[in-house]
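A.B. asks: Below: one structure in structure tokens.
Where a number appears in this text, it was derived from the coordinates with a stated rule and is not lab data. None of the values given here were measured: they were computed from a predicted structure. Cβ placement follows ideal geometry from the backbone for every residue including glycine, while neighbour counts extend to all protein chains displayed.
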Amino acid sequence: MIAKSNNPMRGVVPTVDPAGPAIGGFRALTSFRVHLLAGLSLRHAELHFQRRFGLRLLECRIIGVIGPEGALSLKRICGETDIEKAHASRLVTRLIDRRLVEKVGDAADLRAISVRLTPAGTATYHAVYADAVDRNRRWAAALTDDECRILGAAIEKLIDATRLMTAQEQE
């Protein structure tokens, strides 16, 4: 286990590129580099899923969270994908128009509507998931098994910390 530090320079990686910014520049911040990685990863995934499946990344994300669940409410889709409700609703409507998902009622609560995959949506889910697993394998191949394990644990901690910081900002 790595001990925590109160060092204000924790998370700052000194820049060794003489043409780059001085130590302490934005490029040296771990959060800046994570955002850069996230942006590059999103751009690649968007291009890849559009080319391969004719779907936008967020459409794939919605299909991906519905797939193993059977049916999900729009509220739960939003919570699991971090997509705002109005945007998620438009994306679901596009997926309905493409006959990949369909709305279903809730026998226990007639006001509640959930979304489930159609047979075509289920086939798409399996294809997109297999493709995502392969892309993840190729991406993670840049790391050792230990680095993958450590990165996974670190990401979970950073997600928790970011959620807490966001909640604090919203107060």
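A.B. asks: Would you mind putting 141-150, 50-59 in packing order, based on average other-beta-carbon counts within 10 Å, highest first?
C.D. replies: 50-59, 141-150
A.B. asks: By per-residue mean of other Cβ atoms within 10 Å, what is the highest-first order of 80-86, 165-171, 92-98?
C.D. replies: 92-98, 80-86, 165-171
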